[in-house]
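Undergrad: Below you'll find the structure I mean.
The values are calculated or read from the model by the stated rules, or taken from the named source; none is laboratory data. No experiment lies behind these values; they were computed from the predicted model shown. Using ideal geometry, Cβ is built from the backbone for each residue, glycine included, and neighbour counts are taken over all protein chains shown.
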Amino acid sequence: MEPVSATLITFGVILLAFSWFYLMFVSFEEDFGWGLCAIFLPPLAYLYACFNWSKTQSILLLAVLGWILILIGW
């Protein structure tokens with residue numbers, strides 16, 4: 001693996017992890033059930049983020065940016 005692609009993938013994974021932790025924090029503020037869902041079922045947590053776009057817009061953009069970095073580095 002080339003250093004550039006490894007760096008892109010690493011930063012993409014870091015952004016995805018950060019967005020997930022940030023989403024857990026926001027979902028626990030909203031409702032305890034959504035917070036537990038964010039911990040145990042991360043894809044459903046992003047579904048929650050889609051329905052609460054006004055609160056979680058920056059979180060979803062971080063996740064999309066993380067996926068883009070991972071795909072570019074692949």
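Undergrad: Just a yes or no: is a residue in region 44-62 surrounded by fewer than 18 Cβ atoms within 10 Å (Cβ to Cβ), outside any helix (DSSP H, G or I), among the aliphatic types (A, V, I, L, M) and modelled with pLDDT under 90?
TA: No: region 44-62 contains no residue that is surrounded by fewer than 18 Cβ atoms within 10 Å (Cβ to Cβ), outside any helix (DSSP H, G or I), among the aliphatic types (A, V, I, L, M) and modelled with pLDDT under 90.
Undergrad: Can you confirm whether G66 is at negative phi, at pLDDT below 90 and crowded, with 16+ Cβ neighbours inside 10 Å? Outline the logic, then answer.
TA: On the way: at negative phi: yes; at pLDDT below 90: no; crowded, with 16+ Cβ neighbours inside 10 Å: yes.
It is false that G66 is at negative phi, at pLDDT below 90 and crowded, with 16+ Cβ neighbours inside 10 Å.
Undergrad: Scanning region 11-28 for residues that are free of Cβ contacts under 8 Å to residues at least 60 places away in the same chain and of a type outside the set (A, V, I, L, M, F, W, C), which turns out surrounded by the fewest Cβ atoms within 10 Å (Cβ to Cβ)?
TA: Let us first name the residues in region 11-28 that are free of Cβ contacts under 8 Å to residues at least 60 places away in the same chain, namely 11, 13-28.
Still in the running and of a type outside the set (A, V, I, L, M, F, W, C): 19, 22, 27.
Values: S19: 24, Y22: 16, S27: 25.
Ranking the candidates gives Y22 first.
Undergrad: Let me ask something else about it. Could you please give the count of residues in region 41-74 that are β-branched (V, I, T) and touching a helix residue (DSSP H, G or I) at 6+ places or on another chain (Cβ under 7 Å)?
TA: 4
Undergrad: Taking the condition of a type in the set (F, W, Y), in a helix (DSSP H, G or I), modelled with pLDDT of 85 or more and farther than 26 Å from S5 by Cβ, does W34 pass? Can you show your working first?
TA: Values: of a type in the set (F, W, Y): yes; in a helix (DSSP H, G or I): yes; modelled with pLDDT of 85 or more: yes; farther than 26 Å from S5 by Cβ: yes.
So W34 fits the description; yes.
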